[in-house]
Amino acid sequence: MCDHSTWITLVEASWRLGDRLLVLSAPNLRGDDVGELQSALGRLGFDCGRVDGILGPATTRAVADFQRNCGLPVDSVCGPDTVRALGVLARQSGSGPGVAALRELEALTSTRRALSDLRVVVGQFGGLSALVRQLTHALRLRGATVAPTDEPDASAQAAAANRFAATLYLGFEASSAPGSRICYYAVPSFESVGGRSLAIVMEHAFDSTGLSLEVRGMRLPVLRETRMPAVLCTVGPVQRVIDATPTIVDAVVVALERWADAPLGAAPAS
């Protein structure tokens, strides 16, 4: 069904950089053109934060800084002249990872951590409160700082994780269909390295639960709007998950311990 949310997502994906003026507004403009702008600025060293396709204050400040450095009129608006200048410099600068990716890498590797150092937000979207409750208890017993949330809205869960200054976000949603997956944030111009690594670690840890996880990079709202490595596990059928809750909790704890110890290379070879 093409409902309102599906239509909005389709519209966002249809925009290309240069199709429209990109200016700070309320609510913020969203679209793939904003993601292209953020990616281009980041590769040139202008810090607009995470490549999330949302035109917020950090992105417009980066646009103004870019305009100032290029001798363009500084109006914080990405119009035709700014797009042309970005295109010229992009052809000369190559395709590096960008500021956002480097910042995430630095944050993940700057200090050695253990599970007890993590600040974790654990969320669920209905039907899995027992799983989240038991997981929260198990992580707290091992010294982690944990905040559970069952807000039904994905953006509200992401906002809660951002306010908590979480090290990572771990979400669960129930599926009536057989088969499970674990998603991390990825778009054509950016992917969360920490989220991808955590998803792979959890994929291997879940082998002991009888629930096989398929790893996918996606732009789901809760992954897009969190500012830390984040994964969302879609698991089902629900009764099977409930029956396997103690095993799942043990698997997640093991996965987070491995990820905390080696966030970029924790998964064993496939």
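What follows is calculated from the coordinates using simple rules that are stated; it is not laboratory data. Just so we're clear, the structure is a prediction, and the values are computed from it rather than from any experiment. Note that each Cβ is placed from the backbone with ideal geometry, even for glycine, and that neighbours are counted across all protein chains shown.
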Relative to the longest principal axis of the C-alpha atoms of the chain, give the angle of the C-alpha long axis of helix 129-141, reported between 0 and 90° and rounded to the nearest 10°. 90
What angle, in degrees between 0 and 90 and rounded to the nearest 10, separates the Cα long axis of helix 80-93 from the longest principal axis of the Cα atoms of the chain? 70
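Calculate the all-directions average of the projected area of the chain's alpha-carbon convex hull, and give it in nm². Mind dumping the intermediate values first?
On the way: hull surface 59.8 nm².
In nm², the orientation-averaged hull projection of the chain is 14.9.
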The answer for the net charge of residues other than Cys48 whose Cβ lies under 12 angstrom from its Cβ, with Lys and Arg +1 and Asp and Glu -1, is 0
Could you line up His4, His137, His204 from fewest to most neighbouring Cβ atoms inside 10 Å? His4, His137, His204
What angle do you read, to the nearest 10 degrees and between 0 and 90, between the alpha-carbon axis of helix 154-163 and the longest principal axis of the chain? 90
I'd like the antiparallel share, as a percent to the nearest 5, of DSSP beta bridges with both residues in the stretch 149-270. 35
Can you give the translational diffusion coefficient of the stretch 105-257 in µm²/s, computed by Stokes-Einstein from the Kirkwood radius over Cα pairs at 20 °C and 1.002 mPa s? 141
Fewest to most neighbouring Cβ within 10 Å: what's the order for Asp19, Asp250? Asp19, Asp250
Taking neighbour Cβ counts within 10 Å as the exposure measure, how do Trp7, Trp15, Trp259 sort from fewest upward? Trp7, Trp15, Trp259
Points 7 angstrom from Cα along the Cβ direction at Arg84 and Thr145: gap in nanometres? 5.1
